[in-house]
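Remarks on the structure that follows.
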Amino acid sequence: MSKAFLRESDFPDPSDQPPAIPTLEPGTKNYLTAAGAQHLRDELARRLEQERPGLVGQDDPEAKRDLQALDRKIRQLQQSLRSAEIVAIPPEAARDRVRFGATVTVQEPGAGESRYRIVGVDETDFGRDGISWQSPLAKALLHARPGDDVEVPTPKGPRKLRVARIEYPTAMAP
């Protein structure tokens, strides 16, 4: 059916929409790196200052749906930033172990090297190797040192990895 034949009443009221699915279990801390928190702040500002004004006040049903979706995303970003606990880079003396915010290079027998950044749930980015600190891989890597072997549970059985290198950013935005 053409969108021209739809009435405004054919679309749910935003207050009738289910709330966004939480990304963290109740009581779990919402850890973020300083860079990840800044990225979320920048995204929130862009959505509020650039995207939202172009959708407000339009009578087009599709624009109204887009505005509802955008408002849900804005609320999600605001909640994430309100609940965030920004984790500082560990002091130099503590960088011999994998901690939150580290980039870890691992070796897997027969598969070569892979790199993973251990970050907050709201800043995971698989295209940039960011994995949640709650993932099985991150949990297996946390507290390991270079040369340590770790075992990661997978659906196909345990996967053995050796920690080759641990790197931390030299500075993070406040």
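The numbers here are math on the coordinates, done by the rules we state, and not lab data. Keep in mind it's a predicted model, so treat the numbers as computed, not measured. No Cβ is skipped: glycine too gets one built from the backbone with ideal geometry, and neighbour counts run over all protein chains shown.
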Phi to ³J(HN,Hα) by Karplus 6.51 cos²θ - 1.76 cosθ + 1.60 over the range 151-168, Hz, x for Gly, Pro: 10, 10, x, 9, x, 8, x, x, 10, 9, 10, 10, 6, 8, 9, 10, 10, 10
Square roots of five times the Cα gyration tensor eigenvalues for the range 28-88, Å: 28, 11, 6
Under 20 Å from LYS160, Cα to Cα: aspartates and glutamates that are on another chain or at least 8 residues apart: GLU108, GLU113, ASP129, ASP148, ASP149, GLU151
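Counting other beta carbons within 10 Å of each residue's own, what order do GLU167, GLU49 fall into, fewest first? Spell out each step's value before the answer.
Details: GLU167 12, GLU49 9.
So the ranking, lowest neighbour count to highest, is GLU49, GLU167.
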Partners for LYS29 among aspartates and glutamates (Cα-Cα distance below 16 Å; same-chain residues under 8 apart left out): GLU85, ASP122, GLU123
Segment GLN78-ALA93, extension gain: residue separation times 0.36 nm, minus the distance between their alpha carbons: 1.9 nm
Farthest positive-ward along the range 92-167 dipole, Cα basis, beta-carbon charges - from SER114, PRO153, PHE100: PRO153
Neighbourhood charge, 13 Å Cβ-Cβ cut-off, centred on ARG97 and excluding it, Lys, Arg +1 and Asp, Glu -1: 0
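Provide the net charge surrounding ASP122, with neighbours chosen by a C-beta distance below 15 Å and charges set as Lys +1, Arg +1, Asp -1, Glu -1.
Working: positive: LYS29, ARG41, ARG47, ARG72, LYS73, ARG75, ARG82, ARG117, ARG128; negative: GLU25, ASP42, GLU43, GLU85, GLU123, ASP125.
My count for the surroundings of ASP122 gives +3.
Go through 33-39, 51-57, 107-113 and give me the packing order, highest mean Cβ count within 10 Å leading. Could you put the intermediate results ahead of the total?
Working: 33-39: 20.0, 51-57: 12.3, 107-113: 10.4.
Put in order of decreasing packing, that is 33-39, 51-57, 107-113.
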HN-Hα J in Hz across the range 76-91 - Karplus 6.51, -1.76, 1.60, θ = phi - 60°, x for Gly and Pro: 5, 5, 4, 5, 4, 5, 5, 8, 5, 10, 7, 9, 6, 5, x, x
Computed E for ASP149/HIS39 - FRET, C-beta separation, R0 30 angstrom, nearest 0.05: 0.35
